[in-house]
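Undergrad: Below is the structure I would like to discuss, written out as structure tokens.
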Amino acid sequence: MFKILASISMRRIPALVGVVVLLIVFLAVPVQADSIAISETVTATLTTTATADPAVFLASFAGSGVDSVFGAFTTTNTGTTTFSSPTAFTISRTFVDIFAGGTLFGTLTGNGTETGSTSITTFNDVITGGTGIFAGDTGQITGTSTCTSTSPGTSSCTSTSTGSITTPEPSSLALMLAGTGILPLIRKRLARGRQAT
């Protein structure tokens with residue numbers, strides 16, 4: 001390869017460099033991240049524990065579910081449930097979803113109402129990262145959860161949700177810089193080859 005490059009006359013080097021730069025620019029077109037639409041169903045147990053503040057409860061949610069794209073998973077979320085009135089509350093938690101190929105994690109917030117032994121929560125999961133096949137992923141999932149009290153401090157829950165997971169792609173700028181970094185090496189090799197002949 002270098003013998004071929006060395007045989008190119010010095011007059012043609014600027015033209016060769018120009019062609020390489022154009023190739024790099026056209027190959028490094030802006031790349032958009034992949035966004036994957038998903039839907040999920042979950043069944044879980046919610047455990048709440050009273051705190052010193054009568055309006056605030058520690059919450060632990062653990063269960064299993066099925067994702068429309070990535071299959072079966074287990075889920076946990078922990079945090080607080082804060083009542084603003086006897087029937088209205090907000091939730092603030094962190095979650096971890098474990099799939100066969102990796103883990104997603106992030107934050108969960110929402111609002112809900114409680115009537116008798118049943119509570120209905122509208123929630124928003126913000127995916128802040130992942131491991132395995134989800135490394136570097138972000139996203140957002142919204143849904144509704146219905147929980148029915150089975151004993152003091154324990155509820156049986158079902159939820160449905162939809163959203164999207166965004167998978168990062170290589171940066172166009174990084175590709176262009178990598179390609180531009182090769183140009184001095186090509187010029188150096190060409191100059192060496194020219195000196196050798």
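The values are calculated or read from the model by the stated rules, or taken from the named source; none is laboratory data. All values derive from a computational prediction rather than experimental measurement. Neighbour counts are summed over all protein chains in view; Cβ atoms, including those assigned to glycine, are modelled from backbone coordinates with ideal geometry.
Undergrad: Being over 27 Å from Thr48 (Cβ atoms), touching a helix residue (DSSP H, G or I) at 6+ places or on another chain (Cβ under 6 Å) and modelled with pLDDT of 95 or more is true for just one of Gly102, Gly179. Which residue is that?
TA: Gly102
Undergrad: Looking at Thr167, Thr162, can you tell me which residue is among the polar types (S, T, N, Q), more than 17 Å from Thr41 (Cα to Cα) and modelled with pLDDT of 70 or more?
TA: When all the criteria are applied, what remains is Thr167.
Rundown of residues vs (1) at pLDDT 70 or above; (2) farther than 30 Å from Thr75 by Cβ; (3) surrounded by 12 or more Cβ atoms within 10 Å (Cβ to Cβ), yes/no style:
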site: Gln140; (1), (2), (3): yes, no, yes
site: Gly143; (1), (2), (3): yes, no, yes
site: Thr158; (1), (2), (3): yes, no, yes
site: Ser172; (1), (2), (3): no, yes, yes
site: Pro184; (1), (2), (3): no, yes, no
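Undergrad: Can you tell me how many residues within region 124-144 are closer than 19 Å to Ile98 by Cβ and over 9 Å from the mean Cα position of the chain (by Cα)?
TA: Counting residues in region 124-144 that are closer than 19 Å to Ile98 by Cβ and over 9 Å from the mean Cα position of the chain (by Cα) gives 6.
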